[in-house]
Amino acid sequence: MYEALIHQIEEALARTAAWAETGWPVTFGFRNVAVTSLKEAQALPKNAVFRQEAINYWRQVELTAEDTSVYGRKAIDALRQGNIESAVNDLYFAQYMEKPFAEYARTWLPLYDALHAEAGSCC
């Protein structure tokens, strides 16, 4: 019944799992050095002043990806059970947790909006 939405959420889960690996442009330090992934952050010289800041940022991205994915999987389960209201709620939490990185990640808000529109007035 909601197979297209389930497929979109599954694709979002795959993208989310790669956030810290594929990354996006973020700069650190007074020279605005671009560090675009967790791997790049970990490869910085140990004496780089902003190394720990970059590692912490990308680890937070990784943790946020894990947290949002929990709700993405819950939404899939809810849709398979025909419970669109619960799925809307689950994607609400996913997009809410994504907010600190939403400008770059752009994953859960579009799905939440699509599912909310699909649900109509129920939610």
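Relative contact order of the chain, taken over Cα pairs closer than 8 Å and 6 or more residues apart, is 25 percent.
To put it simply, the accessible area of the chain at a 1.4 Å probe is 51 percent carbon and sulfur. Over all other residues within a Cβ to Cβ distance under 14 Å of residue 6, the charged ones net out to -3, with Lys and Arg as +1 and Asp and Glu as -1.
Surface exposure of the chain, expressed per residue as accessible area with a 1.4 Å probe, stands at 59 Å².
Mean residue ellipticity at 222 nm, helices only, the chain: -22000 deg cm²/dmol; runs of at least 4 DSSP H residues each add -39,500 (n - 2.57), and the sum is divided by the number of residues. Extension gain, residue 77-residue 39: 0.36 nm per intervening residue step, less the Cα-Cα distance, totals 10.4 nm. This model, with +1 at the C-beta of Lys and Arg and -1 at the C-beta of Asp and Glu, gives the chain a dipole about its Cα centre of some 580 debye.
Once backbone amide H atoms are built at 1.01 Å from N, residue 33 has 28 as its partners under 5 Å, excluding neighbours fewer than 5 places away on the same chain.
The modelled label-to-label distance for the pair residue 86/residue 30, using points 7 Å beyond Cα in the direction of Cβ, is 5.5 nm.
The residues neighbouring residue 95, those whose beta-carbon lies less than 14 Å from its own, together hold a net charge of -1 under the Lys/Arg +1, Asp/Glu -1 convention.
The values are calculated or read from the model by the stated rules, or taken from the named source; none is laboratory data. Here the structure is a predicted model, which is why all the values come from computation and not from measurement. Cβ coordinates were reconstructed from backbone atoms using ideal geometry, including for glycine residues, and neighbour counts include every protein chain displayed. When the accessible area is computed, the model is the full protein with side chains, heavy atoms only, and any ligands, DNA or RNA have been set aside. Shrake-Rupley method; radii C 1.70, N 1.55, O 1.52, S 1.80 Å.
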